[in-house]
Amino acid sequence: MPIPRSVPGVDRSLLRDDVFRRLRDAIVDGTFLPGEQLKDADLAEWLGVSRTPVREALLRLGASGLVVAVPGRSTTVSAIDPKAVRDARDVVAAMHVLVAREMAGNLSDADVARMRDANDRFARAVSAGDTAAALDADDELHAIPVSVLGNRAIESVLDQFGPVVRRAERERFAAGGQDTIERHERLIQLLASGDAARASELTFEIWHSLPAERTAPPG
C-alpha cells in the first residue's frame, strides 16, 4: 500500500479516537479506495503512532462496515454495498429525526446562527464544486442540534454508521446540491420556530434523498 504524501504526520500522543477518525476520513474521502489493502504497520508509520491504536481503529472500522478483515490474512477497504448504505442511511435518518423532534424550539439563537453559517458555507462549497468542503459544512450543520441535545447513545450510533452514509453523500454533492441548500434552510426555520412535526418530516426527507442503489461515481 503506497503511503499518501499529502497528509502530514500526527502527534505521537494521538488518542485512539483520533486515529480512528483519521482512518475513517481517509476511507470516506477516497484516499483509500475500495479493495485497497490496509497494513497496520504502514498505517502506523503514516500516522506516526504505534500499531496498537491502528489495530483498534481497524476493528472499529470493521464494525461500521468500512473495512473487511480476513483473520490471519488481510484487511481491505470494503466495496460500497448498496444494501449496507441503505441500512446505515435508515438508521442515521431515524437518529436525526429523533434529534429534530427533541430540539425543535429548543435551540438558542446562537445555535440557529451557527446552523445558518454552516449552510452558507455549504452553499459556497457547492457553487465552487468543492465536494469535500460541502461535506464538512453539511456535517457541521447536522451536528449542531445533535451536540446540543447531548444524547450519547444517538451520538454513538451516528459515529458508527454516519461514515457509511457519507460515502454515498459524496456522489450527491459531487453532482450538485442546490436542493439540499433549500432543504437545510427550511429545516433551520422549522427548528427555530418549534415545529417538531414538520421538522421531523423534512429531516426524514433529507436523509432518505441520499443515493443508495447507485453509490459509485459514474466512470
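Here are the numbers for this structure:
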quantity: Gain upon complete extension [Asp109, Glu205; 0.36 nm per residue less C-alpha separation]; calculated: 32.1 nm
quantity: Average accessible area per residue (Å²) across the chain - probe 1.4 Å, nucleic acids and ligands excluded; calculated: 51 Å²
quantity: Computed [θ] at 222 nm, helices only, for the chain once each DSSP H run of length n ≥ 4 contributes -39500 (n - 2.57); calculated: -22500 deg cm²/dmol
quantity: FRET efficiency for Asp117 and Asn151, using Cβ-Cβ distance with R0 set to 25 Å, rounded to 0.05; calculated: 0.60
quantity: Solvent-accessible area, 1.4 Å probe, carbon plus sulfur percent, for the chain; calculated: 51 percent
quantity: Among Arg186, Arg73, Arg86, residue whose mean-square fluctuation peaks in a GNM of the chain (springs only between Cα atoms under 10 Å); calculated: Arg73
quantity: Simple spin-label estimate for Ala94 and Ala69 in nanometres, 7 Å along Cα-Cβ; calculated: 2.6 nm
quantity: Prolate/oblate/rounded call for region 16-108, Cα gyration tensor, a/c under 1.5 rounded; calculated: prolate
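The values are calculated or read from the model by the stated rules, or taken from the named source; none is laboratory data. None of the values given here were measured: they were computed from a predicted structure. Ideal geometry is used to build each Cβ from the backbone, glycine not excepted, and the neighbour counts take in all protein chains shown. Keep in mind that these areas ignore ligands, DNA and RNA; they rest on the heavy atoms of the full protein, side chains included. Shrake-Rupley method; radii C 1.70, N 1.55, O 1.52, S 1.80 Å.
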